[in-house]
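Beneath this line is the structure, given in structure tokens, with notes to follow.
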Amino acid sequence: MVALAPSILSADFWCLGEQVSAIVKGGATWLHLDVMDGHFVPNITIGPLIVRAVRPRCRLKLDVHLMIEDPDDYIPAFADAGANHITVHAEVCRHLHRTLSLIREQGKKLGRPITAGIALNPFSPLGLLDDALPFADLVLLMSVNPGFGGQSFIPEILPKLKKLRNCIGAQGLPTLIQMDGGLNEKNVDLVVREGVDIVVAGSAVFKGSDPTMSCRALLNKMSGA
Ligand code: DX5
Ligand code: ZN
């Protein structure tokens, strides 16, 4: 089943707890946390503190998307805070094997699996993943340029999604594909049909009046795709 990962980037931080409860009620099983450093992307958001605050209060899989330079310096802190998945951008990792191993090692150290993900910007080539694919549990394809919520989906990403799905299939790998950016009720069925396993949605969930109903509507579309 395809999972929905609402991104709290578009949530109302004044009442974050209520917003998280609302998406749980709406059937979401993952929570996507966008971490930005003002260097890799032109925006600054949250750190491990928020992961730590959410962790004991829900059973959602906490999915940390690091849009930061030097991710190795921060991976242990996010793991300690309770992340279940940590995804780094291939564009900033000079030693991708080391970074992915570091993420998995944190899981071993803490006695619970922490999955390692690689993210690619819309126009970063899939070739960056060639050797790394067997070392990643998840590949995140950005369908907007990272940095902000509420941008429009870049449709040129679809052939890349198809190619990645075939590549993972051909190698018989269990790697999950996540898509992030500009997804909503109108286009989510399209990407699910092309083989996405996890749908990230920020504004489509939190910018309406009722995040619970928005989650249900998205999940409904996803299951009928
Ligand atoms: C963008 C972030 C996304 C963003 C998605 O840099 O990685 O997770 O929150 O928001 P929407 O769904 O509004 O495009
Ligand atoms: Zn994200």
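The values are calculated or read from the model by the stated rules, or taken from the named source; none is laboratory data. These numbers were taken from a predicted model, which means no experiment stands behind them. Note that each Cβ is placed from the backbone with ideal geometry, even for glycine, and that neighbours are counted across all protein chains shown. Areas reflect the complete protein model, heavy atoms only, side chains present, ligands, DNA and RNA absent. Shrake-Rupley method; radii C 1.70, N 1.55, O 1.52, S 1.80 Å.
Filter the chymotrypsin sites (Phe, Trp or Tyr not before Pro) in region 79-179 down to the DSSP loop ones having no more than 14 other Cβ atoms within 10 Å, then list what survives. Intermediate results must be reported in sequence, preceding the final value.
Working: sites: Phe123, Phe135, Phe148, Phe153; in loops: Phe123, Phe148, Phe153.
Hits after loop and neighbour filter: Phe123.
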Computed label-point distance, nm, for sites Phe13 and Lys108 using a 7 Å Cα→Cβ extension: 3.6 nm
Stretch gain in nm, segment Arg59-Ser21, where the contour uses 0.36 nm per residue and the Cα spacing is subtracted: 12.6 nm
For region 113-225, alpha-carbon Rg and Dmax in angstrom: 14.1, 44
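Express in nm, to one decimal, how much length is gained between Ile44 and Asp130 on full extension, taking 0.36 nm for each residue of separation and deducting their alpha carbon distance.
Details: separation 86, 0.36 × 86 = 30.96 nm, distance 3.06 nm.
Extra length available between Ile44 and Asp130 comes to 27.9 nm.
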Heavy atoms of Lys207: accessible area, 1.4 Å probe, square angstrom to 10: 140 Å²
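Below 14 angstrom from the Cβ of Phe13, what's the summed charge of the other residues (Lys, Arg +1; Asp, Glu -1)? Please report the intermediate quantities before stating the final value.
Values: positive: Lys207; negative: Asp12, Glu18, Asp34.
Here the charged neighbours net out to -2.
Heavy atoms only, 1.4 Å probe, whole protein assembly: order Ser223, Ser7, Ser21 by accessible area, highest first.
On the way: Ser223 95, Ser7 5, Ser21 75 Å².
Solvent-accessible surface, decreasing: Ser223, Ser21, Ser7.
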Per residue accessible area in Å² of the chain, where ligands, DNA and RNA are left out and the probe is 1.4 Å: 47 Å²
Carbon and sulfur %, accessible surface of region 3-223 computed with the full protein complex present, 1.4 Å: 53 percent
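Please arrange Asp70, Asp210 by accessible surface area, largest first, computed with a 1.4 Å probe and ligands excluded. Could the numbers behind the result be given before it?
Working: Asp70 95, Asp210 60 Å².
Ranked list, largest accessible area first: Asp70, Asp210.
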Additional length obtainable on full extension of the chain from Arg216 to Arg52, 0.36 nm per residue less Cα span: 56.4 nm
Cα-based convex hull, region 3-223, per residue volume (Å³, whole number): 111 Å³
Loop-resident sites, region 1-94, for trypsin sites (Lys or Arg not before Pro), counting at most 12 other Cβ within 10 Å (DSSP): Arg59, Arg94
Relative contact order computed over region 3-223 (Cα-Cα under 8 Å; 6+ residues apart), in percent: 22 percent
